[in-house]
Amino acid sequence: MDGQAEVTTAATGAPLIAPSSTDHQLFEPVIMAIKSVYDPEIPVNIYDLGLIYRVGISEEGAVEVDMTLTAPGCPVAEEIPGWVADAISPVPGVKMVDVEIVWDPPWDMSRLSDEARLELGMW
């Protein structure tokens, strides 16, 4: 799973989630770093939970992450972006990290990876 679903607006048909920089050489190392961050209430990393909507990487090594949370009232909502930035920052070649929380589209359980479903016993 690449952490993205094809979700579009009803009015324009435009994607709500911009594409990630999957062809950038830093993409896989950045994803591995993101996978080291776990939701404190669920024993699954935030990538496999489907909380990462976009990973944009510039040619200069600036990384932008758009992510969501399972619920707006998440008790660690203010901390998770810092955890993600701290995980990505040491990746060789990364020059800057910006993590933004977005709420559109809302997260739902359809975003779980197969690995997350297996870990949570949802098969």
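The values are calculated or read from the model by the stated rules, or taken from the named source; none is laboratory data. This is a predicted model, so every value here is computed, not measured. When we count neighbours, we look across all protein chains shown, and the Cβ atoms used for this are built from the backbone with ideal geometry, even at glycine.
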Against the definition (surrounded by fewer than 18 Cβ atoms within 10 Å (Cβ to Cβ), out of contact with any Lys or Arg (no Cβ under 7 Å at 6 or more places or on another chain) and either at pLDDT 95 or above or hydrophobic (A, V, I, L, M, F, W, C) (or both)), how does residue 122 come out, yes or no? yes
Of all residues in region 66-123, which are farther than 21 Å from residue 30 by Cα, among the charged types (D, E, K, R) and touching a residue at least 24 places away in the same chain (Cβ under 8 Å)? 104, 119
